[in-house]
Each structure stands twice: as structure tokens, then as C-alpha cells.
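Structure record follows, encoded as C-alpha cells.
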Amino acid sequence: MTGRNDIDALRNLSGDIWNVAVDEYQGGFLKRRDLLKYAALLGLTGFAASQGLTGRARASGQTGGTVRVGLGQPTKAIDPVSVTDPASIGVISQVGEYLILDDPKDGLQPKLALSWEADETASRWTFKLRPGVKFHDGRAVTAKDVVASFERLVDPASGSSALSAYKGILSKGGAKLVDDETVAFDLDGPNSNFPFYVSSDVYNAVILPADYAGDFEKNFNGTGPFKLETFRPKQGASFVRNPDYWGDKALPDRVEIKFFDDEQAQVLALQAGQLDVIPSTTRLELAIEGNPNFKLLSVQASSHDEVHLRTDQAPFTDKRIRRALALTLDREAIVKGLLKGRAIAGNDTPFAPIFPSADPSVPQRKQDIAEAKRLLGEAGVPNGFEVTLTTERAYDIPDYAVLIQNFAKKAGIDVKLNVLPQDAYYGSATFGSSPWLDSVLGITDFGHRGTPDIFLNATLKSSGSWNAAHFNNPAYDALLLDYSKARDLKAQRLAAGKIQTLLLDETPVIISYFSQYSRITSNKIEGVRFTAISHLLLDRVTLVQA
């Protein structure tokens, strides 16, 4: 129990916005770890670190040696500006860094930024940079490099994969040099969660030299704890400890990464002792289940497979029909069966329970076949209807599609499946030429983010780049603006509750679960860290002593 003196000490750390969070903590609405995560969001990084949130694992084994990693094939040339695939993100993690790391356990951790703060409206954010940081080529990192990195990401001509994330948040000209160690961001509008947008949550936001020419594979020039040794396209890469790293030097001597075309080959190599770390899938987990030689490491995430229902095309122009389909799903059965219990139930909004701003008082939607049939009758289709569900052949999604098909059948809805190769499903990822964005009903995987903002803006805002539901609701857009302007957790939760309630009523999307993210490792190593967006952090890995 925190005493009165402790609470008073917390209040003295900052102003009214922080004090609202302290009130929430004192009232039992916030856990201590969530309070400390919020401290980091506000830029109280020193306080968060003093409470043990350092994002570092202590070495308990032998240092040195080589960590051997298996990854899938990168889908194209590895370039932080345009990267989207998990393998490339895993590779870039060895050499590239962000202003802030969104650690899955401890929240926002200072990396190339030492501190940050917002103005009174949360429309301008100012970041102080860490001094003494060098790129692998020996040049010092300055504010000029940071400004150029973000200007590149928001430039439509750059090929940036982050344009969707920054749309309506940060535009070209918004990143500004204050001095050599200070950068300011003038946003398109108020956003109290902006630090997440310059963190590892936007995996393209790696800080690169100002004169970066798009040739990352040539030298992998970053600021990270490892630097390039060799790179072989389609085969793999190796990295060695960076002796000039600004922070604690990496514990392993080397990281060796091998690319695989087939996931089964990865687990066979792991079982043969040729690899130490591989990605995890349900199929691979079954292969190592009960074997004491391997470990399954997991973190809870906001990752989810979103079912979109096109609100502008029949049959889903009627929200009663959209709600009816959502009511057919048995979420607990999906979590226990499909996901082996490594997920939490979703409530058809991007507000995962792990987000402190989510309103837990909004009732959880559960399976109700009788109500689904009643809604269908009220909407004029008492005998159900036929609809095609289009999705991607990736991860557990095809199996999820079959479950949806079976659940929908209970209410008389006949779902036909159209499962496409992943590249074909996404197409050009633009409206009019993408089965993802054009299909009347679809399932799309969305990776973890530390805040719901990107999901709320990109997938549901009327002008959102990922708005596959073609949801155009002025009331929602207005509530989203209220949420973005909210400066404290209490106000955010109030706005979030209204958004959650509206989305349950309208049901443009079905989000029935939020997954955990996992890696499989040998029991011969420890200290593997990772984010739920595929970053693989290996600088604290040690060999387990026999």
C-alpha cells in the first residue's frame, strides 16, 4: 500500500496531467506498472528508470559466443524506410535504433532520445537527443539526422511504408531542428500519445544519416549494438559487437541470421542444434511441446486479426446484419481452441485490455445465436444470406476463417471462403486495386502497437488509409478527435468508452481476440527479448552455464 508521503512525492514530480494519473493510481484504477509507463509517456523518463524500468536484463550466464537465428525470407530488399515483413524487421533490429523503444513489459524506454515533453495543447512535442551517439561509419548523430529521418518517412515520394501511420498526425515540414541535440515536431493536430509514433511502434522510424540514399543493404549503417559483418541476399547475415556503442556493449560476440523458405525447416534446424532462436507459430509450438530442450517465450500484445464488414455494400449496409454476424462468434472458444489460450478476448474495437485508456466498464460482447437470428429477421433476412469472406493465407487466419464460417452457419449465414496468397490479398494496398480494401468481408492481420491510435485512425477514420470497412461516420471522427486531444488518462478513458460503445453499435469491424506474440528458443541461451512487432533484441543474450 502506498502511503500519503509517497503519494505526495509522486505529485511533486510534474503538473496537473501527471497528478490525474496519480489520482487514478491512488483510486485503484491504475496498476503501478501502468503508472510508471504513463510517466515515460509524459517524458518523466528519469522517474520511470529510478523505479526499475530500464528495459535491461541482467546477465546470468556466460558472455561471448554466437547467437544463431532463423527467420523467414525478406520479401524485398531490406530498407528501414519501406520495410514491412517480420524477417527484415528482425534483421534491422541488430543495427538500427529508434528515438524510443516501446518495451512490451516496461513501456516507452529512452533510446536515441533522452527526454520529451509536449506543449499545453499536445500539438508540439520537443525531444532532447542523447549526446555522443555515433553511426557505425563513425559519424556523430545530430538533430539534422533525426529531422531528415522523419521528413523522409512522411514524404509521399520516398516509398515510405509509414505514410499510413503518420497520415493526419505528422506531415512534411513538421519535424524541425531546434539545435544540434533538440528536435521539435509540430503535429497536424493535438495528439497526447505522439511519443509512440516516434518509437519502435512505427518500425520504419529507424534513425538514419541525413544523406541516406536508400542503399541500406550496402553497409547496414545504424547506431545499434551490433554492426554488419556479412550479408548474403536470400541466405542470411551476420553481425558483430559494436565496440563504439553508446550504451552497454552487447554480450554476444556475434549474431548469425539464416533465412528460410519454409518454417518447418526452421524447427528442424532448431531441433538439430543448429539454431538458438526462431519465430513461433501454432504448428511449430506443437513440434516442441513438452520438450525440455526448448522454451516458448510470449508477451501479450494488441495484435489482432480484424474482420472488416463493408458498411457501404450489401448486405452490410444494415448495422443489424453486421451485429448479427458478430454475435455468432464464440470468442472464448476461439481463444482456447485456435489460439491455445495465448490470447485475450476482444470486444470489436481496437481498445485491447492492455491499453490503460480502454474503458473496462463497456460490456463484453458474447455469442448469442438467438439475438443474431432476431436481428436478421428484423433486417429482412430471416433465413440468412450468402457472403464471400476474402482473406490471406498466413498465420492462423485460414483456420480462423473456417471457424467464422461454422459459427455464422448457426444463424443461417452462408459464408463462402476465398483464401488468397498474402501478396495477392494486399494487392497494391490502395482502394480499387486491393482485395484487402475492396472485399465486402475480409480478415486482415494487424501487428502490435503500444497505443490504439494507429488502429483508430488508419482502420476506422473516414479518411483512413486502411479503412477496409469503408466506415464513414462523422460521430466517430468527432469522438476520435476528442480522444486525441485528451491530455490525461481519465479524459482518455471517458472518450474511449464513447468510442467503444459506438463501435459495438455500428460494428464496422469484428475483433474477437488480441494475440500473444511468441518466439521459440533453445534452453542453452537466455536473455532473448523481442517486441510484438518482430523486433528481435539480442544484445543481452548469454549462454546458459551447464
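The values are calculated or read from the model by the stated rules, or taken from the named source; none is laboratory data. Worth saying up front: this structure is predicted, and the values here are computed from it rather than measured. Quick reminder, even Gly has a Cβ in these numbers, built from the backbone with ideal geometry, and neighbours come from all protein chains shown. We work out accessible area using only protein heavy atoms, side chains counted, and drop any ligands, DNA or RNA first. Shrake-Rupley method; radii C 1.70, N 1.55, O 1.52, S 1.80 Å.
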_segment 82-127 and segment 471-543: distance between their alpha carbon centers, rounded to Å_ = 15
*Residue-wise, which Karplus ³J(HN,Hα) couplings in Hz belong to segment 480-495, taking 6.51 cos²θ - 1.76 cosθ + 1.60, θ = phi - 60°, and x for glycine or proline?*
5, 5, 4, 5, 5, 7, 4, 9, 9, 5, 4, 5, 4, 5, 5, 5
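To two decimal places, what compactness ratio does segment 428-546 give when its Cα radius of gyration is scaled by 2.2 N^0.38 Å?
Numbers: Rg = 19.1 Å, N = 119, 2.2 N^0.38 = 13.5 Å.
Ratio of Rg to 2.2 N^0.38 Å for segment 428-546: 1.41.
Please identify every one of the chymotrypsin sites (Phe, Trp or Tyr not before Pro) in segment 251-341 that sits in a loop by DSSP and has no more than 10 other beta carbons within 10 Å of its own beta carbon.
On the way: sites: F259, F260, F294, F316; in loops: F316.
Passing both the DSSP loop test and the Cβ count: no residue.
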*Rg and Dmax of segment 212-319 over Cα atoms: what are they, in angstrom?*
20.5, 62
*How big is D, in µm² s⁻¹, for segment 291-336 by Stokes-Einstein at 4 °C and 1.567 mPa s if Rh is the Kirkwood radius over C-alpha pairs?*
93
_the chain - accessible surface per residue (Å², probe 1.4 Å)_ = 40
*Principal axis box of segment 290-441, alpha-carbon based, largest edge first, Å*: 57, 39, 32
_Quick query: amide H of K134 versus all other amide H atoms, modeled in the peptide plane; which residues come in under 5 Å with a sequence gap of 5 or more or a different chain?_
V141, W246
*Where the accessible area of segment 432-546 is counted over protein heavy atoms with a 1.4 Å probe, how much of it, in %, is carbon and sulfur?*
55
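Under the classification rounded if a/c is under 1.5, otherwise prolate if a/b is larger than b/c and oblate if not, where does segment 166-244 fall, given a ≥ b ≥ c as square roots of the Cα gyration tensor eigenvalues? Don't skip to the end; give the middle numbers.
Values: a/c = 2.43, a/b = 2.06, b/c = 1.18.
Because a/c hits 1.5 or more and a/b exceeds b/c, segment 166-244 counts as prolate.
Mind checking segment 82-165 for trypsin sites (Lys or Arg not before Pro) that DSSP puts in a loop (not H, G, I, E or B) and that have at most 15 other Cβ atoms within 10 Å?
Details: sites: K105, K111, R124, K128, K134, R139, K144, R152; in loops: K105, K111, R139.
Answer by residue number: K105, R139.
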_Placing +1 on the Cβ of each Lys and Arg and -1 on the Cβ of each Asp and Glu in the chain, which of F355, P80, A113 has its Cα farthest towards the positive end of the resulting dipole?_
F355
*Is segment 346-428 rounded, prolate or oblate when judged by the Cα gyration tensor, a ≥ b ≥ c being the square roots of its eigenvalues, rounded requiring a/c under 1.5 and prolate requiring a/b larger than b/c?*
oblate
*Calculate one ³J(HN,Hα) per residue across segment 67-83 by plugging θ = phi - 60° into the Karplus curve 6.51 cos²θ - 1.76 cosθ + 1.60, and present them in order as whole Hz with x for glycine and proline.*
9, 9, 10, x, 9, x, 7, x, 7, 6, 4, 7, 8, x, 5, 10, 4
*For the cross-link pairs K76/K234; K336/K409; K258/K340; K227/K249; K373/K410; K111/K172, which exceed 18 Å when the distance is taken from alpha carbon to alpha carbon?*
K336/K409; K258/K340; K111/K172
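Classify segment 82-190: rounded, prolate or oblate, from the alpha-carbon gyration tensor (a ≥ b ≥ c, eigenvalue square roots; a/c under 1.5 rounded; otherwise prolate if a/b is larger than b/c)? Please list the in-between numbers first.
Numbers: a/c = 1.33, a/b = 1.11, b/c = 1.21.
In terms of gyration-tensor shape, rounded.
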_C-alpha center-to-center spacing [segment 375-389, segment 159-231] in angstrom_ = 47
*Principal axes of segment 395-460: Cα extent on each, largest first, Å*: 35, 27, 21
*Nearby aspartates and glutamates by direct alpha-carbon distance to K128 (threshold 19 angstrom, same-chain neighbours under 8 apart not counted)*: E97, D102, E117, D119, E120, D145, E151, D179, D180, E181, D186
